[in-house]
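Asks: What follows is a structure written as structure tokens; I'll ask about it next.
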Amino acid sequence: PEAMENLLIAQHRDSLRYAHIRSGDYTPKRFKFEVGDFVYTQHSNQHSGLQPQAKPAILRIKEVRPSGRLILQGKCGSILDRHMSQCAPCHLPINDLALDPSLALKPVETLCEQCSGKESTAEDPILLCDFCDAGWHVQCLDPPLSGVPEGDWLCPRCLLDGITQTQLQAKSAHRSVVKQLRAPVNLYPDKQMRQRDAAAQQLHGKLVLQNFLDPVTKRLRPYWGRVHYVGEQRRPRYFDIHFEDGDVYDYTMSEVKPYLQPVGTSLPAGVTLPNDSEFIGQASSSTTG
């Protein structure tokens with residue numbers, strides 16, 4: 001009986017509220033932003049209706065302008081300018097108002113290994129070694145360079161240590177993987193992105209043939225490899241290619257296409273690929289199933 005009475009009371013309250021809203025005298029309450037309030041900001045682009053409209057960062061209002069623009073400040077002290085239509089109030093109890101500048105992303109200053117200077121100008125820029133990331137002024141090199149060289153560049157120390165092109169390529173591939181893993185994964189891909197993911201998955205198991213520098217003869221020669229689709233979490237570098245010499249490099253869709261071999265191509269006699277027997281076993285079991 002008590003539950004029924006509570007249900008009737010709630011139904012009567014909803015009926016009165018509905019009649020009030022439909023009467024024409026009802027005007028919704030407007031939220032007034034004030035200095036010191038905390039707000040969320042809206043995502044600039046949404047890939048799906050399932051994606052939250054608000055970003056997770058909470059910002060504090062520093063200034064409310066007559067034009068409707070809000071000057072916002074983050075915990076790190078950074079300042080943002082957003083229109084109030086792109087902001088939503090945050091009702092969480094926040095007592096810690098102190099700023100923490102250490103949270104801000106700071107540019108890393110690279111010092112020259114020769115002169116320890118950090119100034120990089122158009123006439124004397126600092127070059128970063130593509131293997132060890134050390135910095136060198138072009139005028140501090142022996143002999144000095146007239147400008148920024150094209151392609152990969154190795155510093156004098158790496159040249160003295162005998163760093164090879166193969167080691168440089170492996171280092172570059174490792175950096176690409178680390179950068180991709182640190183990048184945020186798009187959990188709400190649009191239709192075009194899903195189509196690219198599906199097309200990339202179709203290349204799993206394909207054979208490639210690419211020229212690399214032979215460490216013995218110091219000449220270019222073709223190397224066979226097998227495409228392994230890693231997954232959309234590595235987008236756009238979907239693939240790891242395992243080559244016959246044991247090297248593994250990551251590729252994008254556009255990078256792998258020029259080296260794809262026609263359908264039905266088989267490995268030449270005497271050429272084996274690392275873990276290829278395991279891959280072939282998986283492929284045959286999936287075909288049988």
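Asks: Return the residues of segment 117-130 that are over 28 Å from L220 (Cα atoms) and open to solvent by 80 Å² or more (accessible area, probe 1.4 Å); say none if nothing qualifies.
Replies: Hits for segment 117-130 are K118, E119, A122, E123.
Asks: Among the residues of segment 1-55, which ones are at pLDDT below 80 and either aliphatic (A, V, I, L, M) or in contact with a helix residue (DSSP H, G or I) (Cβ under 6 Å, 6 or more places away or on another chain) (or both)?
Replies: I21, Y26, L50
Asks: Oh, and also: Would you confirm whether any residue within segment 143-164 is at pLDDT below 90 and under 30 Å from K55 (Cβ atoms)?
Replies: Within segment 143-164 (the criterion being at pLDDT below 90 and under 30 Å from K55 (Cβ atoms)), the answer is no, since none of the residues qualifies.
Asks: Please verify whether segment 187-205 includes one or more residues that are at pLDDT 85 or above, within 17 Å of P274 (Cβ to Cβ), surrounded by 13 or more Cβ atoms within 10 Å (Cβ to Cβ) and more than 20 Å from the chain's Cα centre (by Cα).
Replies: Yes.
Asks: Name the residue that is modelled with the highest pLDDT, counting only residues in segment 95-112 that are open to solvent by less than 70 Å² (accessible area, probe 1.4 Å) and under 30 Å from R157 (Cβ atoms).
Replies: Applying the filter and picking the extreme gives C112.
Asks: Continuing with this model, one more query. Could you tell me which residue of segment 64-94 is farthest from Y40 (Cα to Cα), considering only residues that are of a type in the set (S, T, N, Q) and either modelled with pLDDT under 85 or open to solvent by 70 Å² or more (accessible area, probe 1.4 Å) (or both)?
Replies: S67
Asks: Hey, P222 hits all of (1) under 17 Å from A170 (Cα atoms); (2) open to solvent by less than 90 Å² (accessible area, probe 1.4 Å) but one; which does it fall short on?
Replies: Condition (1) is where P222 drops out.
Asks: Considering only segment 131-165, state which residues are open to solvent by less than 50 Å² (accessible area, probe 1.4 Å) and either touching an Asp or Glu at 6+ places or on another chain (Cβ under 9 Å) or within 20 Å of Y249 (Cα to Cα) (or both).
Replies: Those that are open to solvent by less than 50 Å² (accessible area, probe 1.4 Å) and either touching an Asp or Glu at 6+ places or on another chain (Cβ under 9 Å) or within 20 Å of Y249 (Cα to Cα) (or both): F131, A134, G135, W136, H137, V138, C140, W153, L154, C155, C158, I163.
The values are calculated or read from the model by the stated rules, or taken from the named source; none is laboratory data. If you're wondering where the values come from, they're calculated on a predicted model, not measured in any experiment. Heads up, the Cβs are rebuilt from the backbone with ideal geometry, glycines too, and the neighbour counts pull from every protein chain shown. When the accessible area is computed, the model is the full protein with side chains, heavy atoms only, and any ligands, DNA or RNA have been set aside. Shrake-Rupley method; radii C 1.70, N 1.55, O 1.52, S 1.80 Å.
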